Amino acid sequence: MAESLNGLAKKMAIQGGLLLMFSITPFVLADSLSDPTRPPASLGFAQEANVVAASGPVLQSVFISPGRKVAIISGQAVNLGEKFGDAQVIKIMESEVTLSRGKDLQTLKLFPGVEKRLISSRTRPQTDIRRQ
């Protein structure tokens, strides 16, 4: 009977160890998962907070309504005309913000490296195979 109690104790110890291992695993794995809502690094957004400080201000978002314009610059909400550090926000557009430091102007783009281009409808060939 003592042997069967010994076997039962070993079995319970193994099951308890497995239960502990499987209950801790999700927390360990969660540390290595990336945020699915974070923009890809290829868009030029900093992955670490201290990188933002080293590379200067980063335009993260723009909110425009009929009565208000707000830009999120390096995590700080700034209204049109307000100060961001030692610069003043003088213009907020849908994809860029202009800062003024005395006579110096700095333009922050929401999507750096992406430029809008006007495409004329006359330059695209109009092919309609139904008219043949």
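Every number in this text was worked out from the coordinates using simple rules, so none of it is lab data. Remember, it's a predicted structure, so these values are computed and weren't measured experimentally. So basically every Cβ, Gly included, is an ideal-geometry build from the backbone, and we count neighbours across all protein chains shown.
So here's what we get for this one:
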read-out: The range 47-109, dipole about Cα centre (Lys/Arg Cβ +1, Asp/Glu Cβ -1), debye to the nearest 20; value: 200 debye
read-out: Cβ-based net charge around Asp86, under 12 Å, with every Lys or Arg adding one and every Asp or Glu removing one; value: +1
read-out: Exposure proxy order (Cβ contacts within 10 Å, fewest to most) of Lys116, Lys91; value: Lys116, Lys91
